[in-house]
Amino acid sequence: MIPASLAIVLLALPAVAAPGPADEPALERAIAAELGRAKSSLREEGYPPIYFAQLTVWDLEDWDQWSDLAAPRAESTMRQRIALADVRVGGPALDNHPVSPRGDYLGTPVSIADDEFALRHALWRILDGAYKTATADFLRKQAVLVSRGRADYDADDLSAEPATASTAAWSPRAWSVDRLRRLDDALSDPLRAAPWVLHAESHVGLRRLRTRLRGTSGLAIDKTDDWARIEIEAVALSSDGLRESVSRDWHAREPEALPSEAELGRAGRELVDDLAELRVAATTSPFSAPALLDASVAGGLVYALGQSLSGEEQRNPGGAQTFRGRLGDRIISETLTLVDDPIAASFRGRPLFGRYEFDDQGVPARRVTLIEKGLLRGFLLSRYAVKGFAHSNGHARAPLGQIPLGVPGNLFLTSSEPHSRDALVALLREECRRQGKPYGLWIRRLRGWSQQQSGGQGSIRLLAEVRLVSAATGRVERVRDLDLVGTPLVMAESVMAAGDDPEIADTDAVAPSSIVSPSLLLTEAELQRSETKPEKAPVLPPPPRDVPEAGAVPARAEEPALVEVDRYRLAARFDAIAALDAEGLLAWRQTRTAEGLVIDAKVGGATGERAREALRRVAAAVAAVARGGVRRAILFPLDSAGAYRARYDDGWPDSGPR
Amino acid sequence: MALALAAPFARAESWGSAPAPAADVFGALEAEMSRSLARLHEDSFGPPYFLAYRLHDARHYEVVATLGAALTDYVEDYRIAYAEARYGDRTFDNTDLSYQGVNTPSPMDPQVLRQTFWLLTDQAYKGAVSGWLEKKAKRATELVTEPIDDFSAEPAVQKKEELPKPALDRARLRALAERLSAVFRGYPDIHESNVTVGAWWARRFLVTSEGTRLLTPAEEMPDELRVSAVTRAEDGMRLEDDLLVPLRAFAESPPDAELERAVRGVADELVALRRAPVQEAAAAPAILDPEMSGVLFHEALGHKLEGQRQRDSHESQVFRDLVGKPILPAFLSVIDDPTLKSFKGSPLHGSYEFDSEGSPARRVALVEGGILRGFLMSRWPIKGFPDTNGHGRADWRSHPTGRMSNLIVSAEGAVPRAELERRLLETLRRDGKPYGFLLVGSSGGENPTNRESPQTLEVRPRLVYRVDAKTGKRTLVRGVKLVGTPLVILNRIVAAADDDALANGFHCGAESGWVPVSQIAPSLLVSEIELQRLPEDRVLPPLLPSPLHDPR
């Protein structure tokens, strides 16, 4: 055996990729022969025969490069061909299709060469295995029906659809790996220049994917889906030892859609500024308040809503079936309409990531209205029918090596009453005052989300930039270590207004999708502490890089014998780290509390006298950077127990007097 | 057709990124290390007394082919940085048998390399100080009767060997995998078959605070050629067979025709196995062929002679106090020799010049004339053996421990193989047994080394023949593996043949990861072995015939 393989990398991709479908007659012959043989003769005595079978064959060529601080760590190239059989026994009204969507990987690698012998052999094995599993699943499904009966929401397992055919020779697009590398450098270089950045891990990847769908019903569809990605996550430690990160990503389906080097260089500099701001941002206890979500965060919410409108979810006995039987009901504000349109190629000149012509069951993509003026009108449907809808609407999509299910293509959320940004902020403050809340939330720049259950059910956690908006003054202030939490439906129901600023957000959570949404104003949203644990800063300062920045991370002096935590009340927030770099200051943080903004500072010295000197220096430094006056309150006396607790306890005296 | 059998010309192409100049890499590692040694201290704790940095820089190519056509084609280029810190002193530091250093994927850019080792060192140092405190806390309650040092003193070594630039003949390797895998096209009864060709260019940097500076090929990763095949008997029993071709580099690989013959041998064996009767559990005398004997010694003896296991009271410590005493029949001797490069013209997988701690490889006598003489030593001392003997091995992410390399079993008074077979029949007739066994080849084995588990080891033979006591006739059987306990089974060895042979291409896994090893051993006659049934794994064979043998 071989040790688990690690990371990875690469060679330049061949300028011309493998031949296209038209050049691979052996693969076509192998598929036809084995599908034919399976349909006509693959049958076990005493078990039902195959009534429908679809083979999906994915050809992929991947190139990936992983870097840290603009220096490549690993690179890889891979070619693979994955095949998956969807074999059905029984009949369209009831077959072996799973009642709860399966998220498991079922693909099998088959020969990448156009070799009929090897390919037929592989397909023979795959179809044999799929047929045996199908008969067993069919019998088990019948067994459940025998004891529980048919649910009233059950419908056909495979809707009737006309056979489609669309095949063509593959014409590769001209991607340049060197260009992708340059883009990565442009993005990463600014982060490398900031010595306090611990990591700036980036990934550029290019997947060239061709998908062949072939079925016993005459189905013959070829699809091409190229996909370039640029991703980066930068990490630094905050002044109180929490790991803070910022991230961005870009997706492109064709070379022309890639961002420019200048654009990425700007983005890199913005990330540095963002991270610098985040490191010294205030913390606060979680609370709930009216919230303004920018288009990216709204996109995350809309996508979760879209997933819960999947046809499969309405029939999933293990899921929430949130919208089953609610056609025509009002589910969100009547000013809002939600449409999914996989045919739309672009929005305001920008290409859409979720477009396609045929879905992964070969059904032509169709535009579908999901919610019209707040009323539920439809679902994202595959051929797994939903009561009230006899046919697919072309939304069956499969991640590599998986069985397809209804998921979003390009979601569009529109409002009949768009508001300007200023109007939304005014509404936010007004709503805060109405609810008696001192601050509203402004949630921006989604960097990720997680969900407790799949399929759009369960609570969702949106990781994004959080700002507080003062209801009284309108002043905006950044806070950190907080995430937005809630259930998608409750959050969507609480939308009270939308912006006039629709933007595109991309995701590949299940399959490539775009979400076009404006900013959304919610009457209430809840914050939760992030999952970050305090860690000690490195003992030594970072090694020198090309662009040193003095004093960004102070070297640790002698370890102090005595430590205390002091609290200073501030008139204003401050941003500069270097300004607080007083000898004896071990760590600090700003906190937004009910009575205003405060700084908690851990200060120490080797002896009582040294500690008192340090305290004076720190007080002076705080006074210098936080104009408007400083009030100081000692929380922990200079006794050994207090010092020990302050020095070694994970965090900060949250339970201490405020 | 993909079965273009061979590339007409060997055309090496460049392979991954250009290697960073060694001087830049050493410069970055040394700068970070000296800064850490001088200034790294936390609270009242001083700097580490020892630091080691390892950096593996690799290019890897792997192609898998089946039935004459490539299945995957994969190239990667990566590095692994590893740092280890020891806090305390040689007599008592933070390490114990579960100690691991810290590692991360790393760039080669000297500035970012420093950044990487800065953070790794910080992490390793904090871990070392807290590990030392925890170990000391444990000692507050635990009675240690014979304290042993934690780290042996060794001289620093320096050697910088520049490797040739990475070059890859991708077309040739892919053609080789396809050509060898095509052999199975003639075997419709074999359901799955793969040929994997893996090529490596890998170098290792090692820098320690004692002054060791090494740049060597990373011998942990020899090139490899593996053949594996699986089928089902008519009764649904899963059957598998494999072949590991002994090679260190493809430049030295045997001629294609010879390899094809070997692959055909695997296919023929598997087809024969399908028709073989199922063997019930049995205890009987047996002959183990050289490969099977080698793997048995690896499991039953080798792992138990790993030095650090003698330090830990949770380990079985079967041989700890038996130095100078007989542990094997007097005609057997065992050595482990990483300096041996080849055997009868075949390169050995377990060879290296410096181990993972930078100690020069050394030949070590483990058992001489049945008497236990030594252990496989890393820099972890044990009672009576204060120094390493160059067997501290690890994979790229793990802390080195004493491991096997090339394990060599030899016998006095060896007899020709035919004589050994005659003695087997004689034993059977004398004991009134109806049959004995011949075990051929091995696909590996397992054995527990801690006290909580019964010391039952198992070794899976590739082929088992039942030998009839009366006629001497051999019948291929299937469905069993060898089980036993180490002291008993080794002491039932009654004779050896003079047919010493190499079993290569094995990867051995233990606490310090997977490392390549080889065994050289003769056929052995064992007065009694126990065969146990394999776990049941039966599924319905394919319903339709193989497409290539179906007239439709």
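Here, each number is a calculation from the coordinates, and none is a lab measurement. Just so it is clear, the model here is predicted, and its values are computed rather than measured. All Cβ positions, glycine included, derive from the backbone under ideal geometry; neighbour counts span all protein chains shown.
Calculated on the Cα set of the range B:21-274, radius of gyration then Dmax: 24.5, 72 Å. Placing pseudo-labels 7 Å out from each Cα toward the beta carbon at A:R29 and A:E357 gives an inter-label distance of 2.7 nm.
In percent, rounded to a whole number, the relative contact order of chain B is 16, using alpha-carbon pairs under 8 Å and six or more apart. Under 12 Å from a label point set 7 Å out along the Cα-to-Cβ vector of B:K383, no amide N atom of the range B:468-489 is found. With kT/(6 pi eta Rh) evaluated at 25 °C and eta = 0.890 mPa s, and Rh the Kirkwood radius from Cα pairs, the range B:282-533 diffuses with a coefficient of 134 µm²/s according to Stokes-Einstein. Working from Cα pairs under 8 Å separated by at least six residues, relative contact order for chain A is 13 percent.
Cβ-Cβ distance of A:K536 and A:D501, R₀ of 41 Å, FRET efficiency by 1/(1 + (r/R0)^6): the value works out to about 0.45. You can think of it this way: the chain between B:S410 and B:I371 has 12.7 nm of extra reach, that is 0.36 nm per residue less the Cα-Cα gap.
Select from the range B:67-136 those trypsin sites (Lys or Arg not before Pro) which occupy a DSSP coil region and have at most 16 other Cβ atoms within 10 Å, ordered by residue number.
Within the range B:67-136, the qualifying trypsin sites (Lys or Arg not before Pro) (loop, at most 16 other Cβ atoms within 10 Å) are B:R90.
For the Cα trace of chain B, dividing Rg by the Kirkwood Rh returns an Rg/Rh value of 1.00. For the pair A:A169 and B:R538, what calculated FRET efficiency results from E = 1/(1 + (r/R0)^6), where r is the Cβ-Cβ distance and R0 = 41 Å, to the nearest 0.05? My answer for the efficiency is 0.35. Dipole size of chain A about its Cα centre, with +1 on Lys/Arg Cβ and -1 on Asp/Glu Cβ: approximately 1220 debye, rounded to the nearest 20. The alpha-carbon atoms of the protein assembly as shown define a convex hull whose volume equals 196 cubic angstrom per residue. Between the residues A:A186, A:I112, A:S166, the greatest Cα displacement towards the positive end of the dipole of the range A:100-200, with unit charges on the Cβ of Lys, Arg, Asp and Glu, is found for A:A186. Projected onto their three principal axes, the Cα atoms of the range B:1-123 cover extents of 71, 33, 20 Å, largest first. Give me the net charge for the shell around B:S152: Cβ to Cβ below 14 angstrom, other residues only, Lys and Arg +1, Asp and Glu -1. Its environment carries a net charge of -3. Ranking B:A137, B:A22, B:P535 by Cα position along the charge dipole of chain B, where only Lys, Arg, Asp and Glu carry charges on their C-beta atoms, puts B:P535 farthest toward the positive end. Assuming charge only on the beta carbon of Lys and Arg (+1) and of Asp and Glu (-1), the dipole of the range A:305-363 about its Cα centre is about 200 debye to the nearest 20. What are the lysines whose alpha-carbon lies under 26 Å from the alpha-carbon of B:K135, with same-chain residues fewer than 8 places away excluded? Output for B:K135: A:K533, A:K536, B:K126, B:K304, B:K383.
Other residues whose C-beta falls under 10 angstrom from the C-beta of B:R451 contribute a net charge of -3, scoring Lys and Arg +1 and Asp and Glu -1.
Taking the helices alone, chain B has a mean residue ellipticity at 222 nm of -6500 deg cm²/dmol, built from -39,500 (n - 2.57) per DSSP H run of at least 4 residues and averaged over all its residues.
Which order results if B:M404, B:M33, B:M108, B:M292 are arranged by neighbouring Cβ count within 10 Å, fewest first?
Least to most surrounded, the residues fall as B:M33, B:M108, B:M404, B:M292.
For the range B:131-171 versus the range A:263-319, the spacing of their alpha-carbon centroids is 46 Å. Counted by neighbouring Cβ atoms within 10 Å, the residues B:D498, A:D600 run from fewest to most as B:D498, A:D600. Taking amide H as placed 1.01 Å from N in the peptide plane, A:G354 has its amide H under 5 Å from the amide H of A:S514, each at least 5 places away in sequence or on another chain. Cα centroid separation, the range B:314-366 to the range B:397-445: 18 Å.
In this rough spin-label picture, where each label sits 7 Å from Cα along the Cβ direction, the B:E30-A:E609 distance is 4.5 nm. For the range A:340-468, just say rounded, prolate or oblate: build the C-alpha gyration tensor, square-root its eigenvalues into a ≥ b ≥ c, call rounded for a/c under 1.5, and beyond that prolate if a/b exceeds b/c, oblate if not. Prolate, because a/c is 1.5 or more and a/b exceeds b/c.
Listed by chain and number, the lysines whose alpha-carbon sits under 26 Å from that of A:K373, ignoring those within fewer than 8 places in the same chain, are A:K387. Measuring nothing but how far apart in sequence close Cα pairs (under 8 Å, 6+ apart) lie, relative to its length, the range B:282-533 scores a relative contact order of 29 percent. Once R0 is set to 35 Å, what does the formula 1/(1 + (r/R0)^6) return for the Cβ-Cβ distance between B:D468 and B:K344, expressed as a FRET efficiency to the nearest 0.05? After rounding to 0.05, the efficiency reads 0.60.
Among A:K437, B:K344, a tally of other beta-carbon atoms within 10 Å of each Cβ gives an order, fewest to most, of B:K344, A:K437. Here the range A:301-436 is treated with +1 on each Lys and Arg Cβ and -1 on each Asp and Glu Cβ, and its dipole about the Cα centre works out to around 100 debye.
Considering only B:L243, A:A70, B:A229, whose Cα is most displaced toward the positive end of the charge dipole of the protein assembly as shown, charges sitting on Cβ of Lys, Arg (+1) and Asp, Glu (-1)? Final value for the positive-end residue is B:A229.
From the Kirkwood radius over Cα pairs of the range A:158-305, Stokes-Einstein at 4 °C and 1.567 mPa s returns a whole-number translational diffusion coefficient of 68 µm²/s.
Annotation for A:D329 and B:R275: the two label points, set 7 Å from Cα along the Cα-Cβ direction, are 6.9 nm apart. For the range A:284-529, the Kirkwood hydrodynamic radius comes to 18.1 Å, computed from all pairs of different C-alpha atoms. In plain terms, if you count all Cα to Cα distances in the range B:216-303 and split them into 5 Å steps from zero, the share in each step is 3, 10, 13, 16, 21, 17, 11, 6, 2, 1, 0 percent. Report summary: the helix-based calculation at 222 nm, which adds -39500 (n - 2.57) for every DSSP H run with n ≥ 4 and divides by the residues of chain A, gives -7500 deg cm²/dmol.
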